[in-house]
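S.K.: One structure, pasted below without further comment.
The values are calculated or read from the model by the stated rules, or taken from the named source; none is laboratory data. Note that the structure is a prediction, hence the values are computed from the model and not measured. Glycine gets a Cβ as well: all are built from the backbone with ideal geometry, and neighbour counts include every protein chain shown. These accessible areas exclude ligands, DNA and RNA; they are computed on the full protein's heavy atoms, side chains included. Shrake-Rupley method; radii C 1.70, N 1.55, O 1.52, S 1.80 Å.
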Amino acid sequence: MRARADTPQPAAARPRVNRGDRAWGLILSALGGAVLIIAGGIILSLVRVARPVFAEVGLEDFLTGQDWDPLSDVFGALPFIYGTVVTSVLAILIALPVALGMTLFLAEMGPKWLRQPVAFAVETLASIPSVVYGLWALFVLVPWLRQTVQPFLGDHLGFLPLFSGPPLGLGYLAAALVLAVMILPTIASVTGEVLKTAPVAVKEGALALGATRWEAIRMAVLPHSRPGIFGATLLGLGRALGETMAVTMVIGNSPTISASLFAPGYTLPSVIANEFAEAAGDRHTGALAALALVLFGITLLLNSVARLIMQRGQRKLQGRAA
Amino acid sequence: MNGSLLRRKAVNHLLTGLCALMVLVALLPLVSVLWLVIKNGAAGLSWTFFTALPRPVGEEGGGVGNAVVGTLYIVAIACAFGLPLGIGAGVYLAESRNGLFARGIRFTAELLAGVPSIVIGIVAYGVVVVPMKRFSALAGGVALALLMIPTLARATEDLVRLVPGSLREASLALGVPQWKTSLRVVLRTAMGGIVTAVLLSIARVAGETAPLLFTALNNQYWNLRPDQPTSTLTVQIFNYAISPYEDWHAKAWSAALVLLLVVGVLNLLARQMTRTRLKGAR
């Protein structure tokens, strides 16, 4: 077709956009945007269910209150926050050395043929559902703690408040141990990735100068991996804080604050798991949702810090490689 | 260097030994869990365990048939919501590269993946249970879908990005429109990997208990209606385990064995698919 001179130019010059392409782009953006909507929806619906309590008790009293008595409308979150922090930090203290030792052995010291089977085992460990760990902990770990570990610790270290009190089995120690097992794969897999990126040249240099294998690891591998290991720890901590079923089954379910690790306690997720379905009225439901909001806030903070640290570590690596 | 050579060597051996010990320490719980679930659970497995309804305390026999069906049912509901959204968001992330919007979505998905599942349960309660005024399979399915979406989106993004750009360019050069290239060339190439990711995320949510406690709740009978409470294997294991009855404890172990088998088969299937795919690519 011949274009006439007076045809408006812009219309003819506009690039032809396939109608299907435009629709596809819109559909994809909508699906991507759905993630943001979900995130917003999560916060909104938590706040909505929790509102009755914040209006009545106030945030500060709620967070610092030490008593939890739903029947008389007394809601204090401190025992749960305490239990969550104690069990999770203890779990990290147990799991981190094990995960670090294991990954160091696999990456730097042990035979290569060991790597694959152990990696497979760790993956399996990660795939076992929480409730199965809980079952195991309740019928295997707890009796062992009650009959063997706690009497032993009580006899020899009983003068410390940490190891005082009757050996119940159920309590902070049991919860921390099962948590340690459950977060081990998270820490180990991230740490393993980090160790893989350690600069080989520096390590070989150290070895060539006469350093022992351990000294090479300490001087070349560990300093390089420190931010990554820190990030892995935070990710593990985030998992431990939110872990519900296994902890609920062995923590002892007692909303009290005790210095002894043998004592029964309670955590944020486990009180929600135990009481939410049978919550007595809006205020009880609201208080439990408020606990969820606290948990949500803590894990969100931890996870974003962990991501930022690891991202920065990666960028530094890329900078060095360039 | 400090100390004599002998001391340094001793330290080296000591720490190597310690690290080797840690490998054993890490594997001990795995062996213990697997062995005890098999030992305590195998005895209770029988045909009726898979087909019968649970019996009240004191009555012999009974099974977890309704819980097996319920788990499959709720996972299916979760897939209906979660797969399109998760995979779609992943494709969006891969195709839109690094705009501010896409970066925000990526970061949000990563953070959502770390939100505890019990919190997601309360969200599903607020969104589905409160308006419907009852616990339901639908609420459980929505909770599990919310858990699937972020991880699936990130996995899909990585897989779509692995598709070589030359394939996409070849298709575009032949005059195939963008959307058809995305669907018929890029997504089809990435499909094997995406199926693996889907299997893994199904394995993960099938083992979830916490978000189902107050969404799907539980049910002593068969149920296939989306608006009714529904029994699941995981919640049933929990209820049996914390009960004071020996017989129920045995049932909990057997149900745990069934659950481990389901999750294990899904994981192995996913592994196998990855392996054959890598072989094919080579």
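S.K.: How many of the residues making up the stretch B:185-244 are open to solvent by 40 Å² or more (accessible area, probe 1.4 Å) and in contact with a Leu (Cβ under 8 Å, 6 or more places away or on another chain)? I'd like the intermediate steps shown before the answer.
M.R.: Looking only at the stretch B:185-244, we keep the residues that are open to solvent by 40 Å² or more (accessible area, probe 1.4 Å), and these are B:188-189, B:191, B:195, B:200, B:204, B:217, B:220-222, B:224-226, B:228, B:239, B:242, B:244.
Narrowing further to those that are in contact with a Leu (Cβ under 8 Å, 6 or more places away or on another chain): B:189, B:200, B:204, B:220-222, B:226, B:242.
Counting residues in the stretch B:185-244 that are open to solvent by 40 Å² or more (accessible area, probe 1.4 Å) and in contact with a Leu (Cβ under 8 Å, 6 or more places away or on another chain) gives 8.
S.K.: Where residues in the stretch A:86-123 are polar (S, T, N, Q) and buried (at least 23 other Cβ atoms within 10 Å of the Cβ), which of them is farthest from the other protein chains (Cβ to nearest Cβ)?
M.R.: We begin by selecting, within the stretch A:86-123, every residue polar (S, T, N, Q); these are A:87-88, A:103, A:116.
If we keep only those that are buried (at least 23 other Cβ atoms within 10 Å of the Cβ) too, we end up with A:87-88, A:103.
On the way: A:T87: 14, A:S88: 12, A:T103: 9 Å.
If we take residues in the stretch A:86-123 being polar (S, T, N, Q) and buried (at least 23 other Cβ atoms within 10 Å of the Cβ), then A:T87 is farthest from the other protein chains (Cβ to nearest Cβ).
S.K.: Within the stretch A:30-51, can you find the residues that are crowded, with 16+ Cβ neighbours inside 10 Å, more than 22 Å from the chain's Cα centre (by Cα) and either more than 17 Å from B:P131 (Cα to Cα) or at the interface with another protein chain (Cβ under 7 Å from one of its Cβ atoms) (or both)?
M.R.: Within the stretch A:30-51, A:L31, A:G32, A:A34, A:S45, A:V49 qualify.
S.K.: Any residue in the stretch A:202-222 that is under 16 Å from A:F105 (Cα atoms) and of a type in the set (S, T, Y)?
M.R.: Taking every residue of the stretch A:202-222 in turn, at least one turns out to be under 16 Å from A:F105 (Cα atoms) and of a type in the set (S, T, Y).
S.K.: Also, quick follow-up: Restricting attention to the stretch B:194-215, which residues are touching a residue at least 60 places away in the same chain (Cβ under 8 Å) and not aliphatic (A, V, I, L, M)?
M.R.: B:T196, B:S201, B:E208, B:P211, B:F214, B:T215
S.K.: Quick check: is even one residue across the stretch B:157-172 surrounded by 18 or more Cβ atoms within 10 Å (Cβ to Cβ), more than 12 Å from chain A (Cβ to nearest Cβ) and over 27 Å from A:S29 (Cβ atoms)?
M.R.: No; the residues of the stretch B:157-172 include none that is surrounded by 18 or more Cβ atoms within 10 Å (Cβ to Cβ), more than 12 Å from chain A (Cβ to nearest Cβ) and over 27 Å from A:S29 (Cβ atoms).
S.K.: Also: Assess whether B:P244 counts as being more than 9 Å from every other protein chain (Cβ to nearest Cβ), in a loop (DSSP other than H, G, I, E, B) and free of Cβ contacts under 8 Å to residues at least 60 places away in the same chain. Before the answer, list the steps.
M.R.: Numbers: more than 9 Å from every other protein chain (Cβ to nearest Cβ): yes; in a loop (DSSP other than H, G, I, E, B): yes; free of Cβ contacts under 8 Å to residues at least 60 places away in the same chain: yes.
Criteria met by B:P244.
To keep it simple, each residue is scored yes or no on (1) within 30 Å of B:L269 (Cβ to Cβ); (2) more than 24 Å from the chain's Cα centre (by Cα); (3) assigned to a helix (DSSP H, G or I); (4) small (G, A, S).
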site: A:L63; (1), (2), (3), (4): no, no, yes, no
site: A:V85; (1), (2), (3), (4): no, no, yes, no
site: A:P97; (1), (2), (3), (4): no, no, yes, no
site: A:M102; (1), (2), (3), (4): yes, no, yes, no
site: A:W113; (1), (2), (3), (4): yes, yes, yes, no
site: A:V122; (1), (2), (3), (4): yes, no, yes, no
site: A:Y133; (1), (2), (3), (4): yes, no, yes, no
site: A:A137; (1), (2), (3), (4): yes, no, yes, yes
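S.K.: Whether any residue in the stretch B:176-194 is under 20 Å from the mean Cα position of the chain (by Cα), more than 15 Å from B:G141 (Cβ to Cβ), assigned to a helix (DSSP H, G or I) and of a type outside the set (G, A, S) is what I want to check. Steps first, answer last, please.
M.R.: Within the stretch B:176-194, the first condition is being under 20 Å from the mean Cα position of the chain (by Cα), and the residues that meet it are B:191-194.
Those left that are additionally more than 15 Å from B:G141 (Cβ to Cβ): B:191-194.
This time we only want the ones that are assigned to a helix (DSSP H, G or I), so: B:191-194.
Filter again for of a type outside the set (G, A, S), leaving B:191, B:194.
Yes: the stretch B:176-194 contains one or more residues that are under 20 Å from the mean Cα position of the chain (by Cα), more than 15 Å from B:G141 (Cβ to Cβ), assigned to a helix (DSSP H, G or I) and of a type outside the set (G, A, S).
S.K.: Looking only at residues in the stretch A:124-149 that are more than 23 Å from A:S270 (Cα to Cα) and more than 7 Å from every other protein chain (Cβ to nearest Cβ), which one is least open to solvent (accessible area, probe 1.4 Å)? Walk me through it before giving the result.
M.R.: Here is the first cut: in the stretch A:124-149, the residues more than 23 Å from A:S270 (Cα to Cα) are A:124, A:147-149.
With more than 7 Å from every other protein chain (Cβ to nearest Cβ) added as a condition, the list becomes A:147-149.
Values: A:Q147: 131, A:T148: 74, A:V149: 32 Å².
Ranking the candidates gives A:V149 first.
S.K.: When you go through B:R154, B:R97 one by one, which is the residue that is modelled with pLDDT under 90, farther than 18 Å from A:A277 by Cα and charged (D, E, K, R)?
M.R.: Values: B:R154 fails: modelled with pLDDT under 90.
Only one candidate qualifies: B:R97.
Yes/no matrix, rows are residues, columns are (1) crowded, with 23+ Cβ neighbours inside 10 Å; (2) more than 10 Å from chain B (Cβ to nearest Cβ):
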{"site": "A:F230", "(1), (2)": "no, yes"}
{"site": "A:A259", "(1), (2)": "no, yes"}
{"site": "A:F262", "(1), (2)": "yes, yes"}
{"site": "A:Y266", "(1), (2)": "yes, yes"}
{"site": "A:A273", "(1), (2)": "yes, no"}
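S.K.: All but one of (1) within 14 Å of A:I187 (Cα to Cα); (2) in contact with a Leu (Cβ under 6 Å, 6 or more places away or on another chain) hold for A:A107, so report the exception by its number.
M.R.: Only one criterion in (1) within 14 Å of A:I187 (Cα to Cα); (2) in contact with a Leu (Cβ under 6 Å, 6 or more places away or on another chain) is unmet by A:A107, namely (1).
S.K.: For A:L162, are the conditions met, namely being away from every other protein chain (no Cβ under 14 Å), outside any helix (DSSP H, G or I), touching a residue at least 24 places away in the same chain (Cβ under 8 Å) and open to solvent by 60 Å² or more (accessible area, probe 1.4 Å)?
M.R.: Numbers: away from every other protein chain (no Cβ under 14 Å): yes; outside any helix (DSSP H, G or I): no; touching a residue at least 24 places away in the same chain (Cβ under 8 Å): yes; open to solvent by 60 Å² or more (accessible area, probe 1.4 Å): yes.
The answer is no for A:L162.
S.K.: Grab the helices (runs of 4 or more DSSP H) fully contained in the stretch B:43-135, keeping just those with 1 or more residues being open to solvent by less than 40 Å² (accessible area, probe 1.4 Å), within 14 Å of chain A (Cβ to nearest Cβ) and of a type outside the set (K, R).
M.R.: Values: elements: B:47-51, B:65-95, B:100-113, B:117-124.
Qualifying helices (runs of 4 or more DSSP H): B:65-95, B:100-113, B:117-124.
S.K.: Just wondering, is there one or more residues in the stretch A:66-82 that are within 20 Å of B:G114 (Cβ to Cβ) and more than 8 Å from chain B (Cβ to nearest Cβ)? Outline the logic, then answer.
M.R.: Of all residues in the stretch A:66-82, those within 20 Å of B:G114 (Cβ to Cβ) come to A:80-81.
Next cut, more than 8 Å from chain B (Cβ to nearest Cβ) only: A:80-81.
Taking every residue of the stretch A:66-82 in turn, at least one turns out to be within 20 Å of B:G114 (Cβ to Cβ) and more than 8 Å from chain B (Cβ to nearest Cβ).
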